[in-house]
1. In the set E101, E143, which member is in contact (Cβ under 8 Å) with a residue 12 or more places away in the chain, assigned to a helix (DSSP H, G or I), surrounded by 14 or more Cβ atoms within 10 Å (Cβ to Cβ) and of a type in the set (D, E)?
2. Anything in region 16-40 that is out of contact with any helix residue (DSSP H, G or I) (no Cβ under 7 Å at 6 or more places or on another chain) and either part of a strand (DSSP E or B) or on the phi > 0 side of the Ramachandran plot (or both)? List them, or say none.
3. Inside region 66-76, can you point out the residues that are surrounded by 15 or more Cβ atoms within 10 Å (Cβ to Cβ) and not hydrophobic (A, V, I, L, M, F, W, C)?
4. Under 8 Å between Cβ atoms, at least 6 apart or on separate chains: pull out the pairs that start in region 76-91 with a residue that is among the small types (G, A, S) and modelled with pLDDT of 75 or more and end on any residue that is surrounded by 12 or more Cβ atoms within 10 Å (Cβ to Cβ) and outside any helix (DSSP H, G or I).
5. Hey, can you tell me all the residues within region 146-155 that are at pLDDT 80 or above and surrounded by fewer than 17 Cβ atoms within 10 Å (Cβ to Cβ)?
6. Inspect region 128-149 for any residue being among the charged types (D, E, K, R) and under 14 Å from the mean Cα position of the chain (by Cα) and give the result as yes or no.
7. Would you say I63 is at pLDDT below 90, farther than 17 Å from I88 by Cα, β-branched (V, I, T) and part of a helix (DSSP H, G or I)?
8. How about region 103-127: which of its residues are within 13 Å of the chain's Cα centre (by Cα) and closer than 17 Å to G154 by Cβ?
Amino acid sequence: MEFKPRLKTKYNEKIVPALVKQFEFRNNMEVPKLKKICINQGMGSAIADKKLIDVSISEMTMIAGQKAVPTKSKKDISNFKLRKGMPIGVRVTLRGDKMYEFLDRLISVALPRVRDFRGVSDKGFDGKGNYTLGIHEQIIFPEINIDKIAKITGMDVTFVTSAKNDKEALALLKEFGLPVKNQK
C-alpha cells in the first residue's frame, strides 16, 4: 500500500468539491491548487559568524524534511561589510508529498505552539494568489531541540498557488485548515 499525505487526500476528496460549489467552477481542473511552499530564512548576522549558516542549514533541513541550500549575496554593499557571493541566508522549496506533509505539520503542530496565537493575518497576499507568512521563532517546530539553539531566528513561508486572485487563494488555504483571522 502506497503512502499518501493526509492533506493531499483531503484536497482531492473534500476541498475540490467545496471550491467548485463555492466559486461555481465548470470543471475540477479550474480549482486552484497548491504548487509549492518556499521557506526562506535571512541571516544578516551571518556576515560576522560563518557558523550560523551551517546551523541554519541543519535546522531548516530538519524542519522541512529536505536539504536546505544557502542563499548568496548578489552584489557588494560596503556599509554592511557584504561581498558578492557571501552566504546570507537559507532556503528550501517543497513540492509534492513533502509540501503536503510540511503544511500538515505547520497547521496542526507548529502554529498552535505560537504564544498568544489568534490566527495568521489575511494581509499577506500579493494580488496574484500567493500568500506569505512570517514566523518569528523556529522553536515552534517540534523537530528543533530548544536546548541546542544558539540563536532564535525567524523565517518566511510562502504558499504559491495556481489561484487567479487572492479570494480564491484565501478560500483554498482556509479549506486546508490554515487559521486565518479576518482583520476587516
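The values are calculated or read from the model by the stated rules, or taken from the named source; none is laboratory data. Quantities reported herein were computed from a predicted structural model and do not represent experimental measurements. Every residue, glycine as well, gets a Cβ built from its backbone with ideal geometry; the counts of neighbours run over all protein chains shown.
1. E101
2. Selection gives E24, K35, C38, N40.
3. The answer is Q66, P70, T71, S73.
4. So the pair list comes out as G89/N40; G89/Q41; G89/G42; G89/M43; G89/P70; G89/T71.
5. Narrowing region 146-155 to residues at pLDDT 80 or above: 152-155.
Residues satisfying the conditions are I152, G154.
6. Narrowing region 128-149 to residues among the charged types (D, E, K, R): 128, 137, 143, 147-148.
If we keep only those that are under 14 Å from the mean Cα position of the chain (by Cα) too, we end up with 137.
Yes, that holds for at least one residue.
7. Details: at pLDDT below 90: yes; farther than 17 Å from I88 by Cα: yes; β-branched (V, I, T): yes; part of a helix (DSSP H, G or I): yes.
The answer is yes for I63.
8. If the condition is that a residue be within 13 Å of the chain's Cα centre (by Cα) and closer than 17 Å to G154 by Cβ, then L106, A110, L111, V120, G124 are the ones that fit.
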